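The values are calculated or read from the model by the stated rules, or taken from the named source; none is laboratory data. It should be emphasised that the depicted structure is a prediction, and the values quoted were computed from it without experimental measurement. Ideal geometry is used to build each Cβ from the backbone, glycine not excepted, and the neighbour counts take in all protein chains shown. Side chains included, ligands, DNA and RNA excluded: accessible areas come from the protein's heavy atoms. Shrake-Rupley method; radii C 1.70, N 1.55, O 1.52, S 1.80 Å.
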Amino acid sequence: MSDKLSDDRAAEESHTSRVAAWRRWYWPIASLVALVAFELTASPTLSAVLMCCHFAVDDGLTAVWLVRRDPSRGRGWTLACFSLTRGIARAWMTSLGMLMLLVIIEGLVPAPQGQLNRKNPDVLQALIPLFRWGWPTTLILGALGCVSARVCGVRVWLDPALHTTRQANQWPPLRFGKKNRAIFPYTITLGLGVVAICNAIVVHGLPPPGRPVRGQEAAVAIGIIVATSLFIVTFLGLTKNLLAETAEQCWNPAWPQPPEP
């Protein structure tokens with residue numbers, strides 16, 4: 001018995017050290033990769049894209065791991081969609097922040113007279129597609145995750161402990177935090193749905209330039225208020241109790257059951 005406890009304690013310490021090493025070296029390695037890419041290619045564009053995309057690495061790897069390891073296919077795919085939604089959202093939100101920063105820099109620090117600053121426009125051209133395609137992809141994945149959770153009866157729970165469990169390749173996951181990180185992809189899906197509806201109404205509702213229609217703007221504003229209100233109420237109604245309050249509500253079926261007497 002004591003030998004078994006010693007082995008368990010040794011395994012625990014080994015796991016903890018591996019996780020600590022990963023957390024300690026992840027950011028320096030990611031920054032070094034971006035720096036090496038810049039030095040080898042002299043391309044700030046590639047470095048900027050890499051720095052944005054690395055925010056989705058952990059969530060993407062965890063999503064693939066969940067699909068492969070979870071014996072409950074519905075739960076695995078549902079949590080994978082939520083994990084991917086979180087990762088891609090973080091990537092394009094980072095690209096949006098960098099775009100805003102570059103625009104501010106362009107305004108405050110103009111290029112020398114008679115010269116054109118070509119690097120920043122190149123970076124902008126690279127980051128714009130990341131943002132343009134990132135947010136609809138986030139919306140689609142988030143919607144798929146919500147539909148899958150409702151159809152499969154899954155209460156969604158995500159937290160960083162899943163990353164450490166995946167790194168140790170342990171199943172079933174037995175380590176969980178106290179805060180459900182699934183609230184972020186859930187909220188961003190709701191917000192992007194509102195943005196998509198508003199964008200569609202504005203694009204198709206406003207008259208072409210030079211052909212104003214009296215009262216058209218008021219009709220569009222009313223349409224936005226009504227449509228977004230209906231969408232929010234419907235979304236919240238269909239996804240009621242979608243998020244788990246505790247990790248056990250999501251993961252308890254994956255835990256090993258005691259042997260029958």
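Looking at VAL202, VAL233, which one is surrounded by fewer than 11 Cβ atoms within 10 Å (Cβ to Cβ), at pLDDT 70 or above and assigned to a helix (DSSP H, G or I)?
Working: VAL202 fails: surrounded by fewer than 11 Cβ atoms within 10 Å (Cβ to Cβ).
Sole residue among the options that is surrounded by fewer than 11 Cβ atoms within 10 Å (Cβ to Cβ), at pLDDT 70 or above and assigned to a helix (DSSP H, G or I): VAL233.
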task: Might you let me know whether segment 142-153 holds any residue that is surrounded by 14 or more Cβ atoms within 10 Å (Cβ to Cβ), in contact (Cβ under 8 Å) with a residue 12 or more places away in the chain and over 14 Å from THR239 (Cα atoms)?
output: no
Any chance ILE188 is at pLDDT 90 or above, aliphatic (A, V, I, L, M) and surrounded by 11 or more Cβ atoms within 10 Å (Cβ to Cβ): yes
query: Is at least one residue of segment 132-140 of a type outside the set (D, E, K, R), open to solvent by less than 30 Å² (accessible area, probe 1.4 Å), at pLDDT 85 or above and within 15 Å of SER83 (Cβ to Cβ)?
result: yes
